[in-house]
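Quick notes on the structure that follows.
The values are calculated or read from the model by the stated rules, or taken from the named source; none is laboratory data. In this text the structure is predicted, and so the values were computed from the model without any measurement. A quick note on method: Cβ atoms are made from the backbone with ideal geometry, for glycine too, and the neighbour counts reach across all protein chains shown.
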Amino acid sequence: MRNFITHEWFTVCTIFGVLALTAAKYLNTIRFSDFISIIGNSKYLNIYSKNQKFIDPFDGLLFINLALSASIFLHFSYSTFIDPLTFELVSFLKLILAVSAIVIIKTLLERLIGSLFEIDSIIDSYLFQKITFLNYSGLVLIITNPLILYTKIDTKIIIIIAFILICLINCIGFITSFKNHQKAINPNFFYFLLYLCALEIAPYILLYKVISEYNV
């Protein structure tokens, strides 16, 4: 076991992530099973996208795990590849808040755009699919983080493999969404590119800025 004095807080966050996933499974066991098998199976998207709610307890619990696990992963990724970080609880809590806020604000902004352009149904369907695959990435992270924290496996290798898996998962989600809405996208491809730059790329640049400054 690696002897880091800051492991206690990372462990607490990881436990809360596991508890959130456990609560999601307890809340709806069948839905959780469908969610787990979403890669290569469109059953989850076809069934649950029709009954989505503005505030969904199931997705909320999955998001709690995502926010906590992603913050731990980002902390170690930045510390490993860019600049070693000294752990500070307040700074780490700010990172969790930043990760959560960017995803939530981005989602609300997209919903607002959908309402303004009267394409609510398309945007809602797209957001459900995107959030689903994003939350699925949280499953990768909840497995990855303990490997970083408590094993002697090279941290760089773990992070790179996890990053590749997350990219593949979200690429699958993006391709799925693109195929499902291709008829609407093709006539408006220029606006689609603007959307990608403004709402898909820019927020992650902002998140990088937050991470790079959060331990200053």
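Kindly indicate whether any position in the stretch 12-21 is over 18 Å from the mean Cα position of the chain (by Cα) and either charged (D, E, K, R) or on the phi < 0 side of the Ramachandran plot (or both). The answer is yes, given that some residue of the stretch 12-21 is over 18 Å from the mean Cα position of the chain (by Cα) and either charged (D, E, K, R) or on the phi < 0 side of the Ramachandran plot (or both).
Going through (1) of a type in the set (Val, Ile, Thr); (2) in a helix (DSSP H, G or I); (3) farther than 20 Å from ILE64 by Cβ one by one, THR86 falls short only on (2). Scan the stretch 11-39 for residues that are in a loop (DSSP other than H, G, I, E, B) and in contact (Cβ under 8 Å) with a residue 40 or more places away in the chain and the total you get is 2. The single condition from (1) in a helix (DSSP H, G or I); (2) at pLDDT 80 or above; (3) over 18 Å from ALA70 (Cβ atoms); (4) not aromatic (Phe, Trp, Tyr) that LYS152 fails is (1). Pairing each residue of the stretch 157-168 that is more than 19 Å from LYS130 (Cα to Cα) with any residue that is surrounded by 13 or more Cβ atoms within 10 Å (Cβ to Cβ) and among the hydrophobic types (A, V, I, L, M, F, W, C), provided the two are 6+ apart or on different chains, yields C-beta distances under 7 Å for ILE158/LEU147; ILE158/ILE148; ILE159/PHE76. Taking the stretch 1-37 as the range and being at pLDDT below 90 and of a type in the set (Val, Ile, Thr) as the test, the residues that pass are ILE5, THR6.
Looking across the stretch 14-38, the residues that are within 16 Å of GLY60 (Cα to Cα) and either in contact with an Asp or Glu (Cβ under 6 Å, 6 or more places away or on another chain) or not aliphatic (A, V, I, L, M) (or both) come down to PHE16, GLY17, THR22, LYS25, TYR26, ASN28, THR29, ARG31, PHE32, PHE35.
In the stretch 40-54, the residues that are at pLDDT 80 or above reach residues that are surrounded by 12 or more Cβ atoms within 10 Å (Cβ to Cβ) and not basic (Lys, Arg) with C-beta atoms within less than 6 angstrom, at least six apart or across chains, in these pairs: LYS43/ASP34; TYR44/ASP34; TYR44/PHE35; TYR44/ILE38; LEU45/GLN129. Restricting attention to the stretch 95-131 and to residues that are farther than 27 Å from PHE178 by Cβ and in contact with a helix residue (DSSP H, G or I) (Cβ under 8 Å, 6 or more places away or on another chain), the residue that is modelled with the highest pLDDT turns out to be ILE96. Being polar (S, T, N, Q) and modelled with pLDDT of 85 or more is the filter; apply it to the stretch 80-94 and report the residue that is nearest to ILE153 (Cα to Cα). For the stretch 80-94, the residue satisfying everything is THR80.
The condition of being polar (S, T, N, Q) and crowded, with 20+ Cβ neighbours inside 10 Å holds for only one of ASN51, ASN41, ASN65, ASN46, that being ASN65. A single entry from SER115, SER91, SER121, SER77 fulfils the requirement of being within 19 Å of the chain's Cα centre (by Cα) and assigned to a helix (DSSP H, G or I): SER77. Taking LEU139, is it in a helix (DSSP H, G or I), buried (at least 17 other Cβ atoms within 10 Å of the Cβ) and either touching a strand residue (DSSP E or B) at 6+ places or on another chain (Cβ under 8 Å) or touching a residue at least 24 places away in the same chain (Cβ under 8 Å) (or both)? So LEU139 fits the description; yes.
Whether a residue is farther than 15 Å from SER77 by Cβ and either modelled with pLDDT under 65 or within 16 Å of the chain's Cα centre (by Cα) (or both) was assessed, and ILE143 passes this test.
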